[in-house]
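These notes concern the structure reproduced below.
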There are 2 protein chains.
Amino acid sequence: MEIKEYIEKNKERFFEELFELLRIPSDSSKPEHKPDMYRCAEKIAEYLRAAGVDKAEICETAGNPVVFAEKKIDPKAPTILVYGHYDVQPAEPLELWKTNPYEPVIKDGAIWARGANDDKGQSFMHIKAFEYLIKEGKLRQNVKFMIEGEEEISSPSLAPWMKANKKKLACDSILISDTTQLSEKFPSMCTGMRGLSYLEVTVKGQAIDVHSGHYGGAIYNPVNALCDMISSLIDKEGHVTVPGFYDDVAELSRKDRKLLGQMPFDAEEYLGCIGGGALKGEKGYTTREHTAIRPCLDVNGIWGGFTAPGSKTIIPSEAHAKISMRLVPYQDSAKISKLFAKHFKKITPKGLTSEVMIHHGGESFVTPLDSKEYRAAFKAMKEVYGMEPIPYRGGGSITVIAEAQKMLKATPALMGFGLDRDAIHSPNESYLLLQFFRGIECITKFYQYY
Amino acid sequence: MEIKEYIEKNKERFFEELFELLRIPSDSSKPEHKPDMYRCAEKIAEYLRAAGVDKAEICETAGNPVVFAEKKIDPKAPTILVYGHYDVQPAEPLELWKTNPYEPVIKDGAIWARGANDDKGQSFMHIKAFEYLIKEGKLRQNVKFMIEGEEEISSPSLAPWMKANKKKLACDSILISDTTQLSEKFPSMCTGMRGLSYLEVTVKGQAIDVHSGHYGGAIYNPVNALCDMISSLIDKEGHVTVPGFYDDVAELSRKDRKLLGQMPFDAEEYLGCIGGGALKGEKGYTTREHTAIRPCLDVNGIWGGFTAPGSKTIIPSEAHAKISMRLVPYQDSAKISKLFAKHFKKITPKGLTSEVMIHHGGESFVTPLDSKEYRAAFKAMKEVYGMEPIPYRGGGSITVIAEAQKMLKATPALMGFGLDRDAIHSPNESYLLLQFFRGIECITKFYQYY
């Protein structure tokens with residue numbers, strides 16, 4: 001049976017199974033969801049067993065468990081390691097969801113739920129593609145699955161666990177579906193992603209909130225100070241002002257910039273996807289390049305003083321912000337975090353104090369375009385879409401890929417099927433059925449062309 | 001009986017009565033406290049009746065009730081109107097209180113509770129001074145009391161109520177104890193206060209929180225934008241950059257600046273009172289002048305994006321701040337609010353949108369130093385302290401005074417007995433017993449020297 005037919009015959013079951021996964025609130029940002037992480041891991045192991053792996057196990061780590069499964073076909077055949085993650089971003093702010101984030105529904109040709117795409121939906125495609133290949137006796141490679149539960153908090157426990165399980169994970173290629181395509185019209189493949197450095201800062205002034213009348217105009221307001229400091233972190237041309245920030249940034253050749261710049265860009269459509277806003281970025285680069293090949297700094301959250309309804313006339317004693325930087329080759333996350341912390345201390349106004357807490361981070365990576373993995377994915381997508389996929393670099397981070405690449409000496413291939421419209425990390429996350437089915441199809445063909 | 005002796009004999013009862021007032025959480029910033037406002041007003045009326053007024057009534061307004069009471073001595077005698085307020089600032093952040101804000105205790109020679117000083121404690125001194133004068137048959141003036149319940153939210157309902165009750169309020173002088181002294185060593189009298197303009201701003205970008213990886217570096221982050229905008233509101237020399245902000249500011253003569261500059265200033269002691277921080281102010285003026293005769297701008301609160309524990313990699317869709325400006329003669333609060341709103345719109349980055357909500361405001365005022373009211377207060381304090389009081393201008397705002405001055409054609413005198421150490425508007429508000437007793441003494445003598 002051809003894969004298209006197999007999907008058509010089984011899609012109702014696929015939905016039921018995926019929905020069971022999506023109903024589990026496996027939000028890795030909150031400790032209280034620990035039991036959900038285990039429930040979710042068990043469910044995935046169950047699906048893998050049903051799909052035909054030799055064995056599937058829940059592996060303990062320092063944090064949330066990793067699901068590892070394996071199917072041996074032939075000791076002499078190459079081994080492909082499938083990576084995915086079952087944890088999701090927080091669903092907050094809940095009031096902005098049109099449907100319950102943990103009660104999936106199919107509407108307007110898409111699945112709506114937290115994790116529908118990122119990454120339960122995309123990981124699930126691999127289990128179903130594998131199931132098909134087994135059922136039809138078409139699988140010619142050894143396959144391993146490594147589905148983790150801490151990707152959304154930057155995989156703190158995975159690298160140590162992988163180090164301790166190198167043998168178990170030995171493979172030739174790493175196959176991942178946790179990225180987006182540039183558009184549903186243009187098949188495209190992510191050939192690199194950015195690293196991350198996520199910090200939390202506090203600026204403290206006087207020990208207590210004081211009367212804004214008695215002291216207003218005479219003391220440095222810590223909230224105003226934090227605003228001054230944050231404002232100074234990006235200059236008029238969009239450069240991050242942390243000294244040394246750009247020292248290790250790889251400058252691309254004109255040829256590479258051209259190759260990565262093929263995708264047509266329409267500012268209106270780009271902002272339309274997210275409901276407006278303003279374009280702003282580093283001088284000398286295009287919008288696509290801003291997120292693809294250049295690092296950046298953003299405030300993810302800020303708070304301080306009186307924020308309840310009504311008014312309170314105080315000068316707050318302290319102010320806080322969560323600040324993250326996206327990094328590119330060959331910036332080092334730990335080094336950048338240190339540079340930031342040092343700079344932030346340096347720009348703290350005399351008399352005020354500041355603290356920088358390093359939340360987490362990870363490294364960027366790029367994948368070669370001349371690898372057998374890239375070629376297999378290329379052919380698979382070309383056949384399914386009837387059009388050659390465009391290579392591009394993703395702005396997000398899958399920090400484990402750089403680690404795995406280094407540790408396992410294996411080549412990654414990123415076949416992602418998400419779209420900007422999916423609103424991952426936002427309220428009302430969704431995943432187009434069209435892309436969900438295309439994904440399963442492309443993955444089966446990847447194995448065939450490999 | 002002399003007032004000193006009367007206080008000594010009755011202080012335990014004074015404490016019991018005051019504590020009953022302090023136990024009522026009359027926080028005017030929260031609608032749910034409406035019933036507490038009435039309970040508090042009733043309690044004050046009850047104390048006034050017991051002290052010997054002819055009548056005390058709870059007067060409805062558009063907002064919280066005003067307590068009005070009157071004692072007629074002689075139609076030909078001058079009439080003094082005592083102004084105070086029974087509402088208090090929010091107690092939040094509660095976790096910083098060493099004791100329950102609404103369960104007063106006496107510790108280290110002070111009363112600790114929200115409102116111990118501002119203004120329940122200080123208003124209560126007037127009731128007790130009046131009680132003494134009546135009991136001793138020493139009162140020679142007609143006295144009226146107007147104790148309101150919205151001072152901490154800038155008295156929105158009082159002015160309209162006063163307009164409607166001009167006759168009832170007719171008086172020659174207005175006596176107020178709602179200010180601080182420069183130090184417990186130096187008796188001092190507030191001869192003016194600043195006006196206020198309090199606003200809330202919102203900056204909006206894209207319609208939803210988006211993935212900080214997918215969009216980071218390419219779009220203008222609304223939180224970064226708000227920080228840029230706030231940072232631009234005060235220039236390097238400490239000037240507020242809102243066009244027209246200083247147009248109506250009264251420049252003082254060297255003589256007046258000298259007169260108001262008598263009080264010795266010790267930066268270490270000044271910051272010591274509030275537990276550190278940094279001095280910062282408009283170039284060309286002293287710290288005392290920054291809060292006394294110059295206007296300013298402060299952020300009272302800021303919020304946006306992900307502020308819960310942990311990390312979330314988003315670019316927030318919007319950011320918010322509460323911003324207040326303290327004003328001096330002859331700035332007009334409504335005009336300044338409009339200038340700010342216009343400027344804030346103007347500096348909103350293209351593609352982003354902003355909203356400015358005007359919370360409330362009020363005008364500044366100054367009191368003459370050659371009035372009979374000032375002279376009576378001066379003599380009273382000189383006698384009680386054995387030292388001449390120093391005139392100064394307060395940084396805070398009692399917006400109703402400017403209104404009352406205009407409406408009733410009466411001269412105000414501010415005899416306040418608070419101290420910086422009292423932490424009004426902060427956690428752990430307190431009121432020194434020494435100042436509480438001095439206050440009652442000074443007020444009785446004010447009537448005698450009037």
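Where a number appears in this text, it was derived from the coordinates with a stated rule and is not lab data. Given the structure is predicted, the values throughout are model-derived calculations rather than measurements. Glycine gets a Cβ as well: all are built from the backbone with ideal geometry, and neighbour counts include every protein chain shown.
Just a few scattered comments:
- Rg over Rh for the stretch A:123-226 works out to 1.28, both radii taken from alpha-carbon positions and Rh defined as the Kirkwood radius.
- C-alpha center-to-center spacing [the stretch B:166-227, the stretch A:18-37] in angstrom: 42 Å
- Each of B:I401, B:V356, B:S337 was scored by the projection of its Cα onto the charge dipole of the stretch B:321-421, and the greatest displacement toward the positive side belongs to B:V356; charges sit on the C-beta of Lys, Arg, Asp and Glu.
- Summed over qualifying helices (DSSP H, 4 residues or more, each -39500 (n - 2.57)) and divided by its residue number, chain B shows a 222 nm mean residue ellipticity of -10500 deg cm²/dmol.
- Cα centre as origin, Lys/Arg/Asp/Glu Cβ charges: chain A dipole, Debye: 1160 debye
- Taking each of B:K382/B:K406; A:K72/A:K163; A:K98/A:K322; A:K236/A:K283; B:K144/B:K168; B:K4/B:K135 in turn, the alpha-carbon distance tops 18 angstrom for B:K382/B:K406; A:K72/A:K163; A:K98/A:K322.
- Packing here is the average count of other Cβ atoms within 10 Å per residue, and on that basis the peptides B:136-142, B:11-17, A:331-337, B:287-293, highest first, run B:287-293, A:331-337, B:136-142, B:11-17.
- Table column - 3J(HN,Hα) (Hz), the stretch B:356-364, Karplus curve with 6.51, -1.76, 1.60, x for Gly and Pro: 10, 10, 8, 6, 5, x, x, 9, 7
- For the stretch B:20-98, the relative contact order is 31 percent, taking Cα pairs closer than 8 Å that sit 6 or more residues apart in sequence and dividing their mean separation by the residue count.
- In the protein assembly as shown, the DSSP beta bridges split such that about 70 percent are antiparallel, to the nearest 5.
- Gap separating the Cα centres of the stretch B:427-450 and the stretch A:90-122, nearest whole Å: 63 Å
- Charge dipole (Cα centre; +1 on Lys/Arg Cβ, -1 on Asp/Glu Cβ; no other charges) of the stretch A:8-149 amounts to roughly 600 debye.
- Near B:I219, the amide H atoms lying under 5 Å from its own belong to A:K280; only residues 5 or more places off or on other chains count, and H is placed 1.01 Å from N.
- Take each residue in B:91-98, count the other chain C-beta atoms within 10 Å of its C-beta, and the mean is 2.
- For the protein assembly as shown, radius of gyration divided by Kirkwood radius, i.e. Rg to Rh on alpha-carbons: 1.11
- Shielding by partners - mean other protein chain Cβ count within 10 Å, residues of A:287-300: 6
- Comparing Cα centroids, the stretch A:140-165 and the stretch B:303-330 end up 38 angstrom apart.
- Karplus-derived 3J(HN,Hα) values for the stretch B:205-210, using 6.51 cos²θ - 1.76 cosθ + 1.60 with θ = phi - 60°, are x, 4, 5, 10, 4, 10 Hz; glycine and proline are entered as x.
- Residue-averaged beta-carbon neighbours from other chains (10 angstrom radius) around B:148-157: 1
- Compared with the dominant principal axis of the Cα atoms in chain B, helix B:433-449 is inclined by about 60°.
- Rounded if a/c under 1.5, otherwise prolate or oblate - the stretch A:1-143, Cα gyration tensor axes: oblate
- Relative contact order, whole percent, for the stretch B:64-174 stands at 49, derived from Cα pairs under 8 Å and 6 or more residues apart.
- The simple spin-label model puts a point 7 Å past each Cα toward its Cβ; for B:K166 and A:E2 those points are separated by 9.2 nm.
- Interatomic Cα distance distribution for chain B, bins of 10 angstrom, percent: 4, 20, 29, 26, 13, 6, 2, 0
- Residues whose amide H lies under 5 Å from that of B:I208, counting only those 5 or more places away or on a different chain, are absent; hydrogens are built 1.01 Å from N in the peptide plane.
- Environment charge at B:M381 (Cβ cut-off 10 Å; Lys +1, Arg +1, Asp -1, Glu -1): +1
- Note on A:V105 and A:I73: with the Förster distance fixed at 45 Å, the Cβ-Cβ geometry gives a FRET efficiency of about 0.75.
- Between helix A:34-51 and chain A: long-axis angle, C-alpha atoms, 0 to 90°, nearest 10: 20 degrees
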